[in-house]
Ligand SMILES: Cc1ncc(COP(=O)(O)O)c(C=O)c1O
């Protein structure tokens, strides 16, 4: 089997004809289809990057002691999660880590990777890259998971739905995973973007108890600190597992560049920029939610995260994308890209400039009034 035949086409390519329609709208497209940050990298982070530019030697795979402490400090301040800094492992963007974790764990054709039935597609891609099986599971249906399961992904707040798993539900998943010899990996990319609720980390003692056994969590700096372009995240959790992951990283040369390590240290040591960025997203969310509701959409979940998950009676996701592109020049993502349960939903990202979001709000109001 060739590598390409193990992987589907990149799904966003299918949106191209609809994007064309949105671009033709007077005043141009408002692209809310992808959650890519558009606001500047905070100055405190850029300065740290520049100050570390003279980096001729190999960096530490484990990350500098300053970076590991900054990560543990941020976890403690922001999420009330307490870990030993030596269990922190920097990763070159969490997407890459998520995609390769099954391979790194040595999973193969006899094994199954489990992920939510509406999910970020990279969990499934990771299973495919390892030649393992993927199994999409609805909430609370862990009893249906095959005995070959080795890795269970949680994602709260969820991409795409913005749904938050309460601590009790996560605790149930941790207990199930531990009793079945399954590693629970929690992707907490949007953990600080709680709007109507405060998301709880899987590493919080209310979820994992006194022990970190069998649990790890993945944190991205891309959204918190507008660092998607730097490729910066980290993983921490089960100390024995983190030791093994570090060994693989060292042997395989999975090393975060030194200037990015310095930038990430600055980002994790500063909360002010993250608070400002969250406020920007909150204001955009209000405008887009009001506009979508006025245009006949219902917003579901979306209590946290970087997206609005919306549906309009009588329209499937592709028809809703067409409608918004043609009538408002707004490009959104079809929910079916995240699983068949999303086929009547659209995902609307909050990542456009204030000017573009204001234009989207005005266009939606105009459409509602027609
Ligand atoms: C749920 C989820 N996890 C992980 C990522 C990857 O983030 P990054 O690779 O930028 O750290 C994303 C990106 O949008 C995401 O939505």
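The values are calculated or read from the model by the stated rules, or taken from the named source; none is laboratory data. Since this is a predicted model, take the numbers as computed values, not measurements. Reconstructed Cβ throughout: ideal geometry from the backbone, glycine too, with neighbour counts over all protein chains shown.
Which strands (runs of 3 or more DSSP E) does the stretch 118-235 wholly contain that include 2 or more residues that are within 16 Å of the ligand (Cβ to nearest atom), buried (at least 17 other Cβ atoms within 10 Å of the Cβ) and in contact (Cβ under 8 Å) with a residue 40 or more places away in the chain? Walk me through it before giving the result.
Details: elements: 133-137, 149-154, 183-187, 215-220.
Output list reads 149-154, 183-187, 215-220.
Inspect all residues belonging to the stretch 239-256 and state whether any of them is closer than 30 Å to residue 348 by Cβ and within 16 Å of the ligand (Cβ to nearest atom). Talk me through it step by step, then tell me what you get.
Applying the first criterion (closer than 30 Å to residue 348 by Cβ) to the stretch 239-256 yields none.
For the stretch 239-256, residues closer than 30 Å to residue 348 by Cβ and within 16 Å of the ligand (Cβ to nearest atom): absent.
Run residue 72 past the list (1) at negative phi; (2) without any contact (Cβ under 8 Å) to a residue 12 or more places away in the chain and report the number of the one that doesn't hold.
Residue 72 satisfies every listed condition except (2).
If only one of 13, 31, 39 is exposed (fewer than 12 other Cβ atoms within 10 Å of the Cβ) and either within 23 Å of the chain's Cα centre (by Cα) or farther than 30 Å from residue 329 by Cα (or both), which one is it?
On the way: 31 fails: exposed (fewer than 12 other Cβ atoms within 10 Å of the Cβ); 39 fails: exposed (fewer than 12 other Cβ atoms within 10 Å of the Cβ).
Of 13, 31, 39, the one residue that is exposed (fewer than 12 other Cβ atoms within 10 Å of the Cβ) and either within 23 Å of the chain's Cα centre (by Cα) or farther than 30 Å from residue 329 by Cα (or both) is 13.
State the number of residues belonging to the stretch 1-13 that are at pLDDT 80 or above and closer than 20 Å to residue 134 by Cβ. Show your work before the answer.
Step one: filter the stretch 1-13 for residues at pLDDT 80 or above, giving 7-8, 13.
After this cut, where a residue has to be closer than 20 Å to residue 134 by Cβ as well, the list is 7-8.
Looking only at that region, the number is 2.
Would you be able to tell me the number of residues in the stretch 82-100 that are over 20 Å from residue 190 (Cβ atoms) and more than 15 Å from the ligand (Cβ to nearest atom)? Give the derivation first.
Here is the first cut: in the stretch 82-100, the ones over 20 Å from residue 190 (Cβ atoms) are 82, 84-87, 89, 100.
Remaining after also requiring more than 15 Å from the ligand (Cβ to nearest atom): 82, 84-87.
Residues meeting the conditions: 5.
Scanning for something assigned to a helix (DSSP H, G or I) and modelled with pLDDT of 95 or more, does the stretch 52-65 turn up at least one residue? Before the answer, list the steps.
Our first condition is that a residue be assigned to a helix (DSSP H, G or I); within the stretch 52-65, this holds for 65.
Still in the list and also modelled with pLDDT of 95 or more: 65.
Yes; the residues of the stretch 52-65 include at least one that is assigned to a helix (DSSP H, G or I) and modelled with pLDDT of 95 or more.
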